1. Using Cβ counts within 10 Å as a stand-in for footprinting exposure, how do His391, His199 rank, fewest first?
2. Could you give P(r) for the range 132-174, binned at 5 Å from zero, as whole percent values over all Cα-Cα pairs?
3. Sort Ile159, Ile178 by Cβ crowding within 10 Å, fewest neighbours at the top.
4. Which of the listed residues, Leu360, Ala264, Ala379, is farthest toward the dipole's positive end in the range 229-408, when Lys, Arg count +1 and Asp, Glu count -1 at the beta-carbon?
5. State the volume of the convex hull built on the alpha-carbon positions of the range 34-181, expressed per residue in Å³ and rounded to an integer.
6. Could you give the alpha-carbon Rg of the range 219-287 over 2.2 N^0.38 Å, rounded to two decimals?
7. Pairs of Cα atoms under 8 Å, at least six residues apart: use those to get the relative contact order of the range 287-410, whole percent.
8. Using Cα centres only, tell me the gap between the range 218-296 and the range 191-209 in whole Å.
Amino acid sequence: MKIRFLQYDAISGGSRWRQVVRLSGWLICLLMGLSAFTQQAVSSGRLARTFGKLPYMEYGPGDDRLGGAKIGYLDSQVLVRVVDSLAGDYIVQLSQRHRAFMPKQGLRFVEGTVPAYRLSGSGKVFGDESHDYVTIALPERLPYRSLMEIGPARLTVDIFGVIPNTNWMTQLQSAREIRNTWYEALEDDVLRVHIDLSHDAHWGHRVYYDSIGTRLVVMVRRPPEALDLRRMRIAVDAGHGGTNTGAAGKMTGVLEKDYTLLMALELERQLRRMGCRDVFMTRRIDTTIEMVDRALMLREAEPDLLVSLHLNSSSLDTVRGTSTFYRHIGFRPLSQSILNRMLQLGLKEYGNVGHFNFALSGPTEYPNCLVEVAFLSHADDERRILDRKFHRAVAQKVSEGIRDWLKSMR
Ligand SMILES: [Zn+2]
């Protein structure tokens with residue numbers, strides 16, 4: 001039995017609310033009439049603040065191998081109102097009409113009361129040597145989400161629980177990548193900020209609060225000075241490692257972690273051969289690195305782009321082929337360029353997969369692409385994975401894909 005989604009009809013204050021649960025498959029007809037259930041709200045809500053490594057919000061209670069679909073990550077010390085809980089999640093009321101699910105371990109309850117309303121303050125758009133910024137004064141660290149849009153490239157940032165009252169948006173000429181910034185009220189208490197970018201491509205952004213308080217910052221990365229692989233910092237991630245062994249070969253039992261490392265080292269060599277002096281490797285040895293630590297390590301490294309290498313596996317031994325994955329639409333072009341080149345290896349097309357919930361597809365700070373080279377669970381694919389020559393060929397195709405993507409933007 002799998003819960004597809006919960007739909008809430010909430011009354012402000014959270015004392016009365018109704019849930020409709022839709023159940024999948026044949027259970028739908030049988031259980032629809034029985035499935036509306038009521039859960040006791042945690043009073044009218046308790047205040048909590050985000051803490052720990054990379055706290056995040058999810059749309060609902062969905063769950064799979066990689067967790068539920070994420071709305072996005074939040075900074076620490078962001079204040080939310082917890083109105084209920086479901087299994088390992090707290091349900092938080094973001095605004096009058098929006099809710100989100102958050103893992104319990106990412107929140108800590110705090111004392112305090114919710115004011116009758118909150119108002120947004122002045123905004124500013126400017127740039128420094130490396131980035132452009134939009135800042136908005138807020139009375140509290142409130143939850144937010146950001147969305148990339150394409151054609152033309154634009155960012156949309158929603159700030160929850162605040163009534164728009166920004167009557168002053170200073171725009172300085174030092175901003176080079178941000179073309180226009182304006183806002184609207186998505187709801188009475190949701191401030192939606194639009195940020196038009198100058199270029200067609202997304203090179204990354206990050207939303208956070210300034211270190212001294214409650215000013216929301218949207219940092220926008222400009223394209224690199226030269227769209228030249230030789231002058232960029234390229235991050236390469238060898239999937240799994242240490243106790244996290246990944247998939248195993250169908251015939252030989254070889255471990256994914258060993259072969260992603262061989263391919264990643266080969267990719268590093270290939271990139272250096274092509275003149276890239278700055279290759280950042282998440283690992284060069286067989287070692288355990290948690291996904292959240294990889295993401296934080298990469299945030300620190302500030303790469304121009306990331307390629308993560310994995311090997312796929314299926315319970316069906318007929319499933320085979322190569323695929324690339326992305327989460328944010330703004331980063332799709334990189335994954336398409338790499339897939340186009342990978343297909344030249346004669347591998348079957350498994351596809352270009354979007355909205356993927358992989359931890360290293362989540363970061364918005366730099367373009368990223370997950371490559372599932374081939375299937376360890378398919379005999380022919382596995383034979384190729386075992387071959388050193390194939391590792392070099394994969395490295396070559398991935399780097400050619402990166403180069404194609406850069407060329408397409410010149
Ligand atoms: Zn893997």
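Read-outs: derived from the displayed coordinates by stated rules, not from any lab. Computed from a predicted structure; not experimentally measured. Neighbour counts are summed over all protein chains in view; Cβ atoms, including those assigned to glycine, are modelled from backbone coordinates with ideal geometry.
1. On the way: His391 23, His199 14.
The fewest-first ordering by Cβ neighbours comes to His199, His391.
2. 5, 14, 24, 24, 21, 10, 1
3. Numbers: Ile159 25, Ile178 22.
Ranked by crowding around the Cβ, least crowded first: Ile178, Ile159.
4. Farthest towards the positive end: Ala264.
5. Working: hull volume 24.2 nm³, N = 148.
Cα-based convex hull of the range 34-181, divided per residue, equals 164 Å³.
6. On the way: Rg = 15.1 Å, N = 69, 2.2 N^0.38 = 11.0 Å.
Compactness ratio reported: 1.38.
7. Values: 208 pairs, mean separation 44.1, N = 124.
It rounds to 36 percent for the range 287-410.
8. Here the answer is 26 Å between Cα centres.
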